[in-house]
Amino acid sequence: MKIAILGGTGNIGKGFALRWGQIHDVIVGSREKERAQEAAAEYTAFLSERSLPSKITGDENKAAAEAADIVVIAIRYDQIPTVMEHIKPVLCNCQTVLSVVVPMIKDRCYLNMGTEPVKIEVDPEEYNADYFCYAPPKSGSAAKEIQALLPPGIDLVASFHNVSAKRLEDFDKDMDLDIAVCGNNKQTKDVIMQLVRDIPGLNPVDVGPLEAAALTEPITPLLLNVAKMNKELRHAGIKFV
């Protein structure tokens with residue numbers, strides 16, 4: 001398959017490119033074609049040094065999306081409106097779209113007590129305030145927000161919220177993790193579940209419809225905080241038992 005990774009120059013995008021680029025045609029997407037091509041060359045060299053095959057190229061986001069069977073949205077949450085508007089004209093219902101986007105804020109976390117949010121005050125001198133919180137959009141999740149921006153007839157799948165980007169990049173350690181997958185269309189969800197299986201050590205788990213993304217997206221900041229607070233769990237993941 002041809003897989004476009006929009007945001008492919010970022011950490012999680014790099015992990016996907018290195019894993020899928022060994023068996024699929026991967027197009028690293030970026031706002032700048034030159035930057036995408038430089039990243040693709042870097043990833044190819046990484047695999048080549050390990051005598052692993054690679055089929056990785058780079059292109060501008062819109063061109064990458066147009067050429068792909070699977071379009072992976074791996075951008076920052078605040079980039080959703082501009083990127084989706086840019087690629088929307090070239091998307092079609094013959095494609096599968098995957099969101100791994102998570103809306104997070106750092107060091108500005110709130111507790112919803114009653115109707116008024118209460119800010120958690122942190123003294124930087126007493127505590128290293130490097131804490132992430134999930135910032136749910138009005139639609140409930142980034143996945144639901146992206147789905148609303150897709151052309152009619154295209155189903156969205158949300159997944160990979162519970163695996164560390166560094167774990168994907170680390171070829172020296174084996175993984176044994178479950179990956180939550182949610183979506184409303186069984187056929188497109190099956191496509192993504194197979195992509196999960198294509199990465200050694202990852203097992204897909206169907207967690208329900210796209211609405212479940214409101215439950216899976218917050219796992220990302222949770223795992224980041226676990227890694228921050230517990231050095232022995234620097235690249236924490238999840239296993240359903």
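The values are calculated or read from the model by the stated rules, or taken from the named source; none is laboratory data. Everything numeric in this text was worked out from a predicted model, so none of it was measured. For neighbour counting, all protein chains shown are included, and Cβ atoms are generated from backbone atoms with ideal geometry for every residue, glycine included. Just the protein is used for accessible areas: all its heavy atoms, side chains included, with ligands, DNA and RNA removed. Shrake-Rupley method; radii C 1.70, N 1.55, O 1.52, S 1.80 Å.
Straight-line cross-link reach from Lys186 at under 19 Å between alpha-carbon atoms covers these lysines, not counting any fewer than eight positions away in the same chain: Lys144. Heavy-atom accessible area, probed at 1.4 angstrom with all protein chains present, ranks Arg31, Arg76 as Arg31, Arg76, highest first. Derived scalar couplings between HN and Hα for the range 11-26 equal 4, 5, x, 4, x, 4, 4, 5, 7, 6, x, 7, 10, 10, 7, 9 Hz in order, rounded to whole Hz, by the Karplus curve 6.51 cos²θ - 1.76 cosθ + 1.60 (θ = phi - 60°), x for Gly and Pro. Taking amide H positions as placed 1.01 Å from N in the peptide plane, with prolines and chain starts having none, which residues 5 or more places from Ile179, or on another chain, fall under 5 Å of its amide H? Correct list: Asn203, Val205.
Of the trypsin sites (Lys or Arg not before Pro) found in the range 147-241, the ones in coil according to DSSP and having at most 11 other Cβ atoms within 10 Å of their Cβ are Lys173, Lys239.
Highest mobility in the GNM of the chain, judged by mean-square fluctuation with C-alpha springs under 10 Å and restricted to Gly21, Gly58, Gly153, is found for Gly153.
Centre-to-centre separation between the Cα atoms of the range 154-172 and those of the range 40-67: 17 Å.
Backbone geometry of the range 151-159 corresponds, through the Karplus equation with coefficients 6.51, -1.76 and 1.60 at θ = phi - 60°, to 3J(HN,Hα) couplings of x, x, x, 9, 8, 9, 10, 10, 6 Hz, x marking Gly and Pro. Applied to the range 44-58, the Karplus parametrisation 6.51 cos²θ - 1.76 cosθ + 1.60 on θ = phi - 60° returns per-residue 3J(HN,Hα) values of 4, 5, 4, 6, 4, 4, 9, 6, 9, x, 8, 9, 10, 10, x Hz, with x for Gly and Pro.
For Leu233, the solvent-accessible surface computed with a 1.4 Å probe is close to 80 Å², ligands and nucleic acids excluded.
Amide H contacts of Asn184: Leu156, Leu210, each under 5 Å away and 5 or more positions distant or on a separate chain (H built 1.01 Å from N in the peptide plane; Pro and chain starts excluded). Phe171 contributes an accessible area of around 50 Å² to the protein surface, as traced by a 1.4 Å probe with all chains present.
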